[in-house]
Amino acid sequence: MADRKPTRIALPTELGIQSWLEGCAQGYLAGTKDGRPPDASPPRDLLENPVLRAESIRYTVQLLVAERCSLAATAGLINAAPWESCKRYLATQVLDEARHVEIFTERLYELGVERGELDVTIHEYAHPDLLGLSELVLERVHRGDVLAGLVGQGIVLDEIAAATYEMLEQSVAVLDPAFSHAIGGILRDERRHTDVAERLIRELLTSHPEKKVELAKLQREMTGLIVRTFEDAFRENPMPEEFRRVAAELRREGEVLWAGIDLLASDGREMEKALLHAVGERLKTRFQGFGMESYTTVFV
Ligand SMILES: [Fe+2]
Ligand SMILES: [Fe+2]
């Protein structure tokens, strides 16, 4: 990125390694294993139900693909970012993303994927548009384009992830409260990542306003791909109905509210619509945060 005016960025000490250790590793992760109470494992109602187990593998693979992209992109940004305090902050994010990758990898094994079959399973289930979205981000990072990398990974990808985790934290809690706890921890990490990314992008854009058009195009391309990924993930998916039936059998009644819908009474189309709306609102707010509100695509 050619510097017209050199941008000096110094992040505060609360975004350094020591604060991360105290707040995250020794804070909300203290006493957990893979983000859960140490002896927790998936419930039999999930493992012994072929529909729930197969669909859980399918969505966990998508989460793993997204987190692997976040890990690779964040690691690449450490070298691309010229500011020392940012490098240290990004090192904490690398550990967060690596932790997320590990949690979803272990989850796939718990769901019955054989260790030697991990790559085959990912290849079989990963949505091609999600892989395409990862390539869009990683191509920017490999080019050393810090601003595009931060927008692609730190804002668009992490806000898609955060909205998805918010929904999952609620729905997973019905059958598997321990895994819902792990999702809640991941969500806390993602909120930190998007807050910091917004702050860095705001500062960088003051020196590089000419990048706005290109960044808006990246956002449009990425959100186009995620719309297609969500369409295929939710429509005609047998999981919501089976989930509702099992929850009723277990007498888990009442509402599980998220984003204005009851997750125990919604079909795949309603869930897809609510999730896309949540992603759109999050992106709008972030783009406002760094002065690009007029460039935001309203896609739902
Ligand atoms: Fe993550
Ligand atoms: Fe993240």
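From Val94, Val174, Val101, Val120, grab the single residue that is open to solvent by 10 Å² or more (accessible area, probe 1.4 Å), touching an Asp or Glu at 6+ places or on another chain (Cβ under 8 Å) and either within 16 Å of ligand 1 (Cβ to nearest atom) or part of a helix (DSSP H, G or I) (or both). That would be Val101, the only listed residue that is open to solvent by 10 Å² or more (accessible area, probe 1.4 Å), touching an Asp or Glu at 6+ places or on another chain (Cβ under 8 Å) and either within 16 Å of ligand 1 (Cβ to nearest atom) or part of a helix (DSSP H, G or I) (or both). Of all the residues in the stretch 106-117, those that are part of a helix (DSSP H, G or I) and either under 15 Å from the mean Cα position of the chain (by Cα) or among the aliphatic types (A, V, I, L, M) (or both) number 1. Please tell me if Glu135 is open to solvent by 10 Å² or more (accessible area, probe 1.4 Å) and either in a helix (DSSP H, G or I) or of a type in the set (A, V, I, L, M, F, W, C) (or both). It is true that Glu135 is open to solvent by 10 Å² or more (accessible area, probe 1.4 Å) and either in a helix (DSSP H, G or I) or of a type in the set (A, V, I, L, M, F, W, C) (or both). Considering the conditions (1) more than 28 Å from Gly132 (Cβ to Cβ); (2) open to solvent by 10 Å² or more (accessible area, probe 1.4 Å), Asn79 is excluded by exactly one of them, (1). Taking the criterion of being among the acidic types (Asp, Glu) and either within 16 Å of ligand 1 (Cβ to nearest atom) or in a loop (DSSP other than H, G, I, E, B) (or both), no residue of the stretch 72-91 qualifies. The number of residues in the stretch 193-212 being open to solvent by less than 60 Å² (accessible area, probe 1.4 Å), charged (D, E, K, R) and within 18 Å of Ala10 (Cβ to Cβ) comes to 1. Annotation note: of Ser41, Ser70, the sole residue that is open to solvent by less than 40 Å² (accessible area, probe 1.4 Å) and among the hydroxyl-bearing types (Ser, Thr, Tyr) is Ser70.
Within the stretch 25-33, the presence of a residue that is in contact (Cβ under 8 Å) with a residue 24 or more places away in the chain and over 23 Å from the mean Cα position of the chain (by Cα) is excluded.
Of all the listed residues (Ile201, Ile226), the sole one being touching a residue at least 12 places away in the same chain (Cβ under 8 Å), away from ligand 1 (no atom under 13 Å from the Cβ) and closer than 16 Å to Gly289 by Cα is Ile201.
The values are calculated or read from the model by the stated rules, or taken from the named source; none is laboratory data. Bear in mind the structure is a predicted one, so any value in this text is a computation, not a measurement. Heads up, the Cβs are rebuilt from the backbone with ideal geometry, glycines too, and the neighbour counts pull from every protein chain shown. These area figures cover heavy atoms from the full protein model, side chains too; ligands, DNA and RNA do not enter into them. Shrake-Rupley method; radii C 1.70, N 1.55, O 1.52, S 1.80 Å.
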